[in-house]
Amino acid sequence: MDQFLAFTVVGLSTAAIYAVIGSGLVLTHTTAGVFNFAHGAAGMLAAFAYWQLGVGWGLPVPLALAAVLLVLAPAFGLLVERVLMRPVQALGEAERLVMTVALLTGCIALARWVWDPNTPRPLTPFFAGHPALRLGPATVTWHQAVTMAVALAVAAGLWFLLHRTRAGTEMRASVDDRALAGLTGADPLRAGRLAWVLGIQLAAVGGILIAPTVALDAQQLSLLIVSAYTAAVFGRLRSLPLTFLGAIVVGLMEAYLAGYLPQNDYLPGLRLAAPALLLLLALLAFPHRRLRGRDRRLIPVPRPGRGGALLLAGGILVLALVLVTVLSEDTVVSYGAIFALGVVALSYVPLAGYAGQVSLCQLSIAGIGAVAWGHLGAHGELWALPAAVLVAAAVGALIALPALRLSGIYLALGTAAFAVVLDRWIFTLPAFDVLGVRVALFDQGSVSVTGPDLFGLRLTTPAQLLVLAAVCLALASLGVAALRRGRFGRRLIALRDSEAAYATLGGRLLGAKVAVFALSAGIAGLGGALYGMQLQTVTAEQFNLVAGLPIFLIAVIAGLGSVGAGLFAGVAFVVPTHLLGELGVWAQDLSALLIALAGMGLAHSPSGIVSQFRREWAPLGRDPLLLGASGAVLAGCWLLAALGAADGWLLFAVALVAALALRIHAAARQKQPADLELEWWGVRRPWRPEDGEALSRATATG
């Protein structure tokens with residue numbers, strides 16, 4: 001009984017922290033209409049700042065707490081609301097989700113960049129020198145007592161604010177209808193600012209309270225938010241009492257699993273993954289109209305032409321040829337992941353771009369493909385590659401089943417929880433038997449991966465594997481483009497526009513979702529297998545949730561509806577990482593920070609960079625003379641670089657400047673007069689957003 005009471009006290013103190021963090025999530029969502037994926041990262045930054053002030057610089061604890069909770073946290077909340085969230089407030093739910101994911105990635109990268117993750121930074125619990133309190137047979141430390149008291153104070157304070165003050169009423173009214181709230185005299189902007197300030201402050205309180213009990217690690221502290229996610233979902237993102245109840249359930253479950261879970265090789269990961277499993281169950285068990293509703297503005301998905309798709313595939317192969325002929329073998333190893341990770345990024349296009357199903361576990365599924373190929377194709381058997389794709393596709397089809405009950409941010413939450421379960425439990429399992437079949441994953445270590453035997457030719461060198469990955473990316477891009485032009489692609493677009501209308505008109509939601517999830521997972525599995533070939537040895541850490549977020553962000557920046565997103569994501573992820581890595585250890589996390597900053601600029605180009613790039617370079621493609629000249633310049637630079645006649649970076653700069661000059665000249669040659677007839681709009685010049693209104697006026701007056 002004494003042991004049970006001890007675990008209960010630990011569980012309740014942990015639950016108090018989850019309740020504080022979860023209440024901040026509920027507050028932000030209830031008042032600002034945003035589910036903040038970076039909520040835990042904000043608490044992580046607060047914990048690091050508290051350590052820096054109190055331990056690193058030796059400030060007194062009260063002064064360090066006041067600086068973090070009353071100055072830094074409110075300032076960070078105001079910055080997030082003004083710079084990041086206000087510009088995307090008029091956009092849809094998916095865009096706001098991407099913004100918070102970008103913020104999460106940026107906070108983790110910033111913390112790793114500023115504070116060396118290899119240096120331990122212990123924090124002393126509050127009142128550590130005082131004797132513990134005795135409550136019968138149970139012992140309660142002063143830190144635990146303070147934590148539970150803070151949670152009760154937060155609960156009472158939030159209830160009073162939201163239900164007994166004008167500011168709270170204004171905050172709740174603003175999320176339901178900002179325009180109507182403004183007509184009644186409320187200030188939605190002021191309500192949003194207050195919500196973000198209080199939400200970040202609560203995250204900071206939770207981060208400071210939990211930091212002394214865990215390692216001060218950026219990724220670990222940020223992912224502790226999964227438990228707070230579960231508590232918030234228990235409260236359906238609107239009920240503070242139910243959120244506190246959910247926090248108690250999660251905290252006690254973690255404590256009892258730590259104390260009573262049997263010790264063997266299969267169950268330790270279950271304790272770590274239990275909050276994510278509970279989150280999945282909560283998402284499925286608590287259906288609610290706000291859980292299933294969607295608030296978004298649809299972005300048109302371009303229909304790729306056959307010529308454009310073939311040009312993209314040819315460009316991929318030409319880029320691969322240039323890399324293997326110009327770069328040294330060591331450099332090819334560094335850039336070899338461009339096309340493999342491009343395949344992984346391409347898997348977002350049919351799933352999120354066409355069907356509107358947001359998934360944050362694509363890199364985890366790629367890990368399944370890598371492991372399947374590593375075990376089945378240990379000797380290069382070619383049949384093992386499609387087998388690995390089928391295994392990953394089967395996992396994707398399994399994910400599609402709960403996706404029938406979820407959409408929007410809740411589907412993103414579910415897939416993130418699935419990625420955490422894979423990372424913390426499934427990938428850590430030793431080999432086991434299922435119905436007489438031996439199943440091995442990472443087997444508590446790493447898996448060796450080799451290249452395939454292609455009809456007697458064993459692909460083992462980095463150059464050969466790079467060309468193989470480029471061919472696979474080119475073929476996959478052609479397939480995704482053909483999918484968009486086909487009947488199934490049109491059905492996916494209809495599914496994205498309105499699931500209810502799709503089902504009403506006779507569409508089969510189950511079949512469509514299972515098919516697109518399986519297809520996307522199969523593409524991700526292929527990318528994972530190719531990525532494993534490049535690495536030669538893969539570990540579970542290379543395929544976790546945090547590692548996959550930058551790839552997701554780059555795919556969003558490129559444009560989830562653009563087939564070129566795969567190539568763009570591979571280049572944008574690998575090249576800056578390698579170039580910045582050459583500057584020193586201090587720059588290793590700078591690339592992830594830059595990716596996050598680029599993702600935060602989503603409001604300026606919600607349709608993606610690839611479509612904008614295509615519009616800007618289209619005049620050069622329509623001018624045969626200048627296009628031929630551009631090709632000749634590029635071919636000449638490539639030949640000189642391959643022969644070693646000139647510095648590669650100089651030739652790259654010459655080719656880039658020449659291509660830009662020719663593009664500008666082509667645009668000038670094809671520029672049409674301002675008084676172009678209305679009938680030629682969209683034909684002889686690109687269609688503009690304001691043309692619709694002008695066309696309506698001309699039709700009405702005619």
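Please give the charge dipole size of the chain, origin at the Cα centre, charges +1 on K and R Cβ atoms and -1 on D and E Cβ atoms. Round to the nearest 20 debye. Kindly include the intermediate steps, with their values, before the conclusion.
Values: 45 positive and 34 negative charges, 413 e Å.
Charge dipole, the chain, about its Cα centre: 1980 debye, nearest 20.
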Task: V197 accessible area, assembled protein chains, probe 1.4 Å, Å² - done: 20 Å²
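Could you sort S630, S328 by accessible area so the largest value comes first, with the probe set to 1.4 Å?
I get S328, S630, largest accessible area first.
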TODO: Leaving ligands, DNA and RNA out of it, rank L639, L12 by accessible area with a 1.4 Å probe, largest first.
DONE: L639, L12
- [ ] Report relative contact order for region 431-587 in percent, whole number only (criteria: Cα-Cα under 8 Å, sequence separation at least 6).
- [x] 27 percent
Task: Two-site FRET efficiency, L5 against L404, from Cβ-Cβ distance with R₀ of 35 Å, rounded to 0.05 - done: 0.25
- [ ] Quick one: accessible surface of R438, probe radius 1.4 Å, all protein chains present, in square angstrom to the nearest 10.
- [x] 150 Å²
- [ ] On each of the three principal axes of the Cα atoms of region 1-110, give max minus min coordinate, whole Å, ordered largest first.
- [x] 54, 38, 24
Open item on the list: Please report the accessible area of L133 (heavy atoms, 1.4 Å probe, ligands and nucleic acids excluded) in Å², nearest 10.
Closed with: 60 Å²
TODO: Grab the beta carbon distance between W383 and A668, set R0 = 45 Å, and tell me the FRET efficiency rounded to 0.05.
DONE: 0.25
Task: Fraction in percent of alpha-carbon pairs per bin - 5 Å, region 455-593 - done: 2, 8, 13, 18, 18, 15, 10, 8, 4, 2, 1, 0
Task: Distant alpha-carbon pairs in region 479-543 (separation over 20 angstrom), percent - done: 44 percent
TODO: With everything on Cα atoms, drop me the angle between helix 509-535 and the longest principal axis of the chain, reported from 0 to 90° to the nearest 10.
DONE: 80 degrees
Open item on the list: Against the 2.2 N^0.38 Å scaling, with N counting residues, where does the chain land? I'd like the Cα-based Rg ratio to two decimal places.
Closed with: 1.01
TODO: Set the Förster distance to 35 Å, then compute FRET efficiency between T213 and A431 from the Cβ-Cβ distance, nearest 0.05.
DONE: 0.55
- [ ] Could you run the Karplus curve 6.51 cos²θ - 1.76 cosθ + 1.60 with θ = phi - 60° over region 538-545 and give me ³J(HN,Hα) per residue in whole Hz, x for Gly and Pro?
- [x] 10, 10, 5, 4, 6, 10, 7, 4
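Carbon-plus-sulfur fraction of the accessible area of the chain, 1.4 Å probe, in percent?
Working: 20770 of 31080 Å².
The nonpolar share, carbon plus sulfur, comes to 67 percent.
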Task: Cα lying deepest toward the dipole's positive end in the chain, options V395, L545, A6, charges on Cβ - done: V395
Task: Ranked order, L283, L272 - accessible area, probe 1.4 Å, largest first - done: L272, L283
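Net charge around L466, counting only other residues with Cβ within less than 14 Å of its Cβ (Lys, Arg = +1; Asp, Glu = -1)? Don't skip to the answer; put the middle values down first.
On the way: positive: none; negative: E329, D330.
Around L466, the surrounding residues sum to -2.
Suppose the chain between H578 and A653 were pulled fully straight at 0.36 nm per residue; how much longer would it get relative to their current alpha carbon spacing?
Numbers: separation 75, 0.36 × 75 = 27.00 nm, distance 1.83 nm.
Fully extending the segment from H578 to A653 adds 25.2 nm.
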- [ ] Enter the accessible area per residue of the chain (Å², integer; probe 1.4 Å; all protein chains in place).
- [x] 44 Å²
Task: Between helix 462-485 and the chain: long-axis angle, C-alpha atoms, 0 to 90°, nearest 10 - done: 90 degrees
- [ ] State log₁₀ I(q)/I(0) for region 5-70 at q = 0.11 Å⁻¹ as given by the Debye formula over alpha-carbon point scatterers of equal weight, solvent excluded.
- [x] -0.38
Open item on the list: At 7 Å along Cα-to-Cβ for each site, give me the label-to-label distance between L660 and H163 in nm.
Closed with: 6.1 nm
- [ ] Give the residue from I316, A46, A191 lying farthest towards the positive end of the charge dipole for the chain; charges sit on Cβ (+1 for Lys and Arg, -1 for Asp and Glu) and the dipole is referred to the Cα centre.
- [x] A191
TODO: Putting +1 on Lys and Arg Cβ atoms and -1 on Asp and Glu Cβ atoms, find which of Y260, S23, L404 reaches farthest to the positive end of the dipole of the chain.
DONE: L404
Open item on the list: Using only Cα atoms and rounding to the nearest 10 degrees, what angle (0 to 90) does helix 240-260 make with the longest principal axis of the chain?
Closed with: 90 degrees
Open item on the list: Under 8 Å for C-alpha pairs, at least 6 residues apart: give me the relative contact order for the chain, rounded to a whole percent.
Closed with: 18 percent
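Taking the Cα centre of region 445-534 as the origin, how large is its charge dipole in debye, to the nearest 20, when only Lys and Arg (+1) and Asp and Glu (-1) carry charge on their Cβ atoms? Provide the component values of the computation, followed by the final result.
Working: 9 positive and 3 negative charges, 81 e Å.
Using Cβ point charges on Lys, Arg, Asp and Glu, region 445-534 gives about 380 debye.
The values are calculated or read from the model by the stated rules, or taken from the named source; none is laboratory data. Remember, predicted model here, so these are calculated numbers, not experimental data. As a convention, Cβ positions derive from the backbone with ideal geometry for all residues, glycine included, and neighbour counts pool all protein chains shown. The area values use the complete protein model at the heavy-atom level, side chains included, leaving out ligands, DNA and RNA. Shrake-Rupley method; radii C 1.70, N 1.55, O 1.52, S 1.80 Å.
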